[in-house]
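Have a look at the structure below before the remarks.
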Amino acid sequence: MIHNEHLQKADELYEVRHDNNGNAIHVYIKDGEAIIFPSLHDFVMRVYYGQEVERFYLEEDSLDAMYDESAYDYYTLKSQYFFKTHYPFSEGDTYYTIDAKGVIESTWDPVSEELYDADPERVYFTSFDEAMTYYNNKYPNQ
């Protein structure tokens with residue numbers, strides 16, 4: 001069973017969506033744009049304090065397809081909905097990925113774009129801590 005709650009003001013909407021696997025996403029909608037956050041903390045720090053946090057943006061019209069997903073794992077949704085139309089980084093940016101051995105730090109370059117195009121489902125991270133948290137959840141016994 002998927003669960004959702006929302007709060008609405010005249011010009012903005014906040015929703016939290018949960019699935020049966022313990023995943024949740026936090027969605028803030030304003031002016032036709034949706035901002036998707038992995039946690040309530042990230043939502044509050046961005047919307048109310050203006051701090052840089054993990055998030056991705058979608059057009060509000062794209063939410064229906066995302067809401068039809070059976071699971072609300074933030075990083076999987078990010079790879080499916082945000083990275084489909086954008087390269088996730090600019091040349092020279094540091095990014096992180098994971099494999100069964102651990103977290104891999106890289107610098108975005110033309111080869112990264114080729115690797116991305118070859119495997120667009122791969123999950124990318126902007127911080128080591130974020131990647132490590134995902135790694136520990138995906139490979140708990142490593």
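No value in this document is a laboratory result; all are computed from the given coordinates. Quick caveat: nothing in here was measured; it's all calculated off a predicted structure. Using ideal geometry, Cβ is built from the backbone for each residue, glycine included, and neighbour counts are taken over all protein chains shown.
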Hull-based mean projected area of the chain, where the convex hull spans the alpha carbons, in square nanometres: 9.3
Order of 61, 129 under a 10 Å beta carbon neighbour criterion, fewest first: 61, 129
Cβ-based charge dipole, segment 87-142, positive-most Cα from 133, 120, 106: 133
Kirkwood-Stokes translational diffusion coefficient of segment 87-142, alpha-carbon pairs, 4 °C, 1.567 mPa s, µm²/s: 111
For the chain, the longest site-free run once chymotrypsin sites (Phe, Trp or Tyr not before Pro) in DSSP loop states with at most 11 other Cβ atoms within 10 Å are removed: 50-142
Contour minus Cα-Cα distance for residue 33 and residue 101 (0.36 nm per residue): 20.8 nm
